[in-house]
Each structure stands twice: as C-alpha cells, then as structure tokens.
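The values are calculated or read from the model by the stated rules, or taken from the named source; none is laboratory data. It should be emphasised that the depicted structure is a prediction, and the values quoted were computed from it without experimental measurement. No Cβ is skipped: glycine too gets one built from the backbone with ideal geometry, and neighbour counts run over all protein chains shown.
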Amino acid sequence: MKNRVRVRGAHNTRAPIGVFDSGVGGLTVLRALAAALPAEHFIYLGDTARLPYGTKSADSIRRYACQAAETLRERGVKCLVVACNTASAVAIDVLTEEFAPVPVLGVLEPGAAAACATTQSGRIGVIATESTVRGGAYQRAIARRLPQATVTARACPLFVAFAEEGWTSGAVVEAVAHHYLDAMFISGQREAHPDALVLGCTHFPVLADAIRAVVGPETAIVDSAATTALALEQTLAATGLAAPAGSSGRLELLATDDAGRFARVGGTFLGRPLTAGDVEIVDLRDNAQAANPKRRRR
C-alpha cells in the first residue's frame, strides 16, 4: 500500500502538492505557493486539534508530523511542503527518509537562506516557538551559510496563541511584542541590534505590524513564505513534476478540529474569506501506522 501511494504521487504531474502545519499559520505559506504556482493543486492540512507543536517534545512533534504527512501521502501527493518551522526543525530528516521518493521541503532552510541574503551587518534575530529556538536549527542553518553571523534567537510562544485567535493588533499584542523584543531591539547600543529578523514561525506574519512597531523601519523582516515558494518551483522543475502549463489549480483544506474556527481565523492567513464548508475534518489518530514512524522503517 505504501509503495503504491508513493508511485502514484511521485510520477504524476497532475497530482496535488501536500502542505501541512500545526494550525492555520501555514496558510501564509500556502498563499505564497498558490500565487507563485497557479497551475498546481494544493491540499493543506492544519492539525488544529493538537496545536501548538512548539511546546511539545521532539518525539511528539515527529509523531504528529509523520501522521499529518502520511494522511497527505494517502491522497497521492507528488511533493510535501512542511509549512511549520517547528516540524521543519525537528522532523524534516525523518520525513525526507520515510517519504522518498516524494520530495519533502521545509520552511526553515529557505528562511535561513533569505536571512543570510538580507543582512548587511551579519546580525540576525530569530523569533520562533520554544522547540525551534531550543533545538537551535535556525542558528545552525544560518551558520552553515554565513559562519560570521551573530544570531540572537527568542521564543515567542504567545504569538502563536494570538495568531490562532485572530488577535493581530491592539494593546495586549503590542505589550507582548515589547516584552519579547525590547531586549533584542530597544536595549543596548543600536549598532548591536540585528538588521534582519526571521519570522521563524508561520503564524507570525499576521503579527507583522505589531512586530514592526518594536523593531523599527530599519530592520528587515524575513518571512520564509516567498522563499519557500521559489524552492518548491525549483524542485518541481528539477524533478519533472510541475503541472502542465494551462492547468487550473485548486485548493483543498483539511483540519483535525473545528472547521468553523479554522475558516474564521484561516481566512486572515489565506487572504480570502472561508466558510466551514470549505474545510474537511480528518482524524489523524485513525492512521495507526503513521503514529509510530519507527514502525514503518525497514
């Protein structure tokens, strides 16, 4: 069964591209992907029943990521985009191994590449979830590309909660932004402040205005969505998996809990109105084999 699904997705140019995140944040990535590749069919899965991933253990993150990816592979995807920085940081290696020959792309490496291309001073800030910051994945990815860079990383877990609730502005959001970012951008000498800030969580772009108010106009804010879209376009071209020219692209939306809430908040991330009827609810717990990635290895 596993091999048949792989072949069906891996060699069919008209097959969909799977995209998943812990919640609605990855819709910012989906929005960029769909804009860059309008001929492609995308299936997006938000694991809203178990968000946020960023506070979970590495083992749990890998298990959840494999469950989400397996659900998408069963729908015959030809490529998998991990639109979650936490899952990209923790689970990308196991996903790449388990889902070959289906190409797997994360958002972390494109984000690191964009930060290195953007910075002028070599001082880069990263804000992300607890797990992403604790694991040091962005720090390592940046160091590989720009060894002389100075990276300051800060976990901003409340930003995820705000984004999932649709709280993108206001006094509370601004106060929390100052709490997280003042030490990096307000305190000390201005010359020591980062000149590039990576939004190391796909939930954070909708809070860009509040973040910008703290970091100031001189700091470049790096969102990995556009860079990930370019990486996907290059991967599809290199593997011969791009949809035929003139194809009509479409989007399918899946969630693991509360279609109404997904639609209400997700519309902000996707940039267009959604209804509960646009969202299919799936139960990842039904996929017992995907619950334990070690069990699938041969």
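Of the residues 175, 163, 155, which is touching an Asp or Glu at 6+ places or on another chain (Cβ under 7 Å), under 17 Å from residue 204 (Cα atoms) and not hydroxyl-bearing (Ser, Thr, Tyr)? Can you show your working first?
Details: 175 fails: touching an Asp or Glu at 6+ places or on another chain (Cβ under 7 Å); 163 fails: touching an Asp or Glu at 6+ places or on another chain (Cβ under 7 Å).
The conditions single out 155.
Quickly run through region 229-259 and pick out the residues that are more than 17 Å from residue 33 (Cβ to Cβ) and more than 22 Å from the chain's Cα centre (by Cα). Explain how you work it out, then say what you get.
The initial filter retains those residues of region 229-259 that are more than 17 Å from residue 33 (Cβ to Cβ), namely 240, 244-246, 255-259.
Matches in region 229-259: 240, 244, 245, 246.
State all residues of region 50-77 that are in a loop (DSSP other than H, G, I, E, B) and either free of Cβ contacts under 8 Å to residues at least 24 places away in the same chain or out of contact with any strand residue (DSSP E or B) (no Cβ under 7 Å at 6 or more places or on another chain) (or both); if no residue qualifies, say none. Walk me through how you get there before you give the answer.
Kept after step one, since they are in a loop (DSSP other than H, G, I, E, B), are these residues of region 50-77: 50-52, 56-57, 74-77.
Within region 50-77, 50, 51, 52, 56, 57, 74, 76 meet the criteria.
Taking residue 208 and the conditions (1) outside any helix (DSSP H, G or I); (2) among the small types (Gly, Ala, Ser); (3) within 20 Å of the chain's Cα centre (by Cα), which numbered condition does it fall short on, given that it satisfies the others?
(1) is the only condition that residue 208 fails.
Among the helices (runs of 4 or more DSSP H) lying completely within region 78-135, list those that include at least 2 residues that are in contact with a Leu (Cβ under 6 Å, 6 or more places away or on another chain) and assigned by TED's automatic domain parsing to the domain that holds residue 18.
Values: elements: 85-99, 108-118, 130-135.
Correct list: 85-99.
I'd like the residue in region 1-14 that is in a loop (DSSP other than H, G, I, E, B) and either out of contact with any helix residue (DSSP H, G or I) (no Cβ under 9 Å at 6 or more places or on another chain) or at pLDDT 95 or above (or both) and, out of all such residues, is nearest to residue 165 (Cα to Cα).
Our first condition is that a residue be in a loop (DSSP other than H, G, I, E, B); within region 1-14, this holds for 1, 11-14.
This time we only want the ones that are either out of contact with any helix residue (DSSP H, G or I) (no Cβ under 9 Å at 6 or more places or on another chain) or at pLDDT 95 or above (or both), so: 1, 11-12, 14.
Numbers: 1: 39, 11: 39, 12: 38, 14: 35 Å.
Out of the qualifying residues, it is 14.
Being touching a Lys or Arg at 6+ places or on another chain (Cβ under 8 Å), in contact (Cβ under 8 Å) with a residue 40 or more places away in the chain and crowded, with 18+ Cβ neighbours inside 10 Å is true for just one of 253, 207, 197, 181. Which residue is that? Steps first, please.
Values: 253 fails: touching a Lys or Arg at 6+ places or on another chain (Cβ under 8 Å); 207 fails: touching a Lys or Arg at 6+ places or on another chain (Cβ under 8 Å); 197 fails: touching a Lys or Arg at 6+ places or on another chain (Cβ under 8 Å).
None of the other options fit; the residue is 181.
Tally the residues that are of a type in the set (A, V, I, L, M, F, W, C) and either farther than 19 Å from residue 251 by Cα or at pLDDT below 95 (or both), restricting the search to region 41-77. Steps first, answer last, please.
Within region 41-77, the subset of a type in the set (A, V, I, L, M, F, W, C) is 42-43, 45, 49, 51, 58, 61, 65-66, 68-69, 72, 77.
Adding the requirement that they be either farther than 19 Å from residue 251 by Cα or at pLDDT below 95 (or both) leaves 49, 51, 58, 61, 65-66.
Count: 6.
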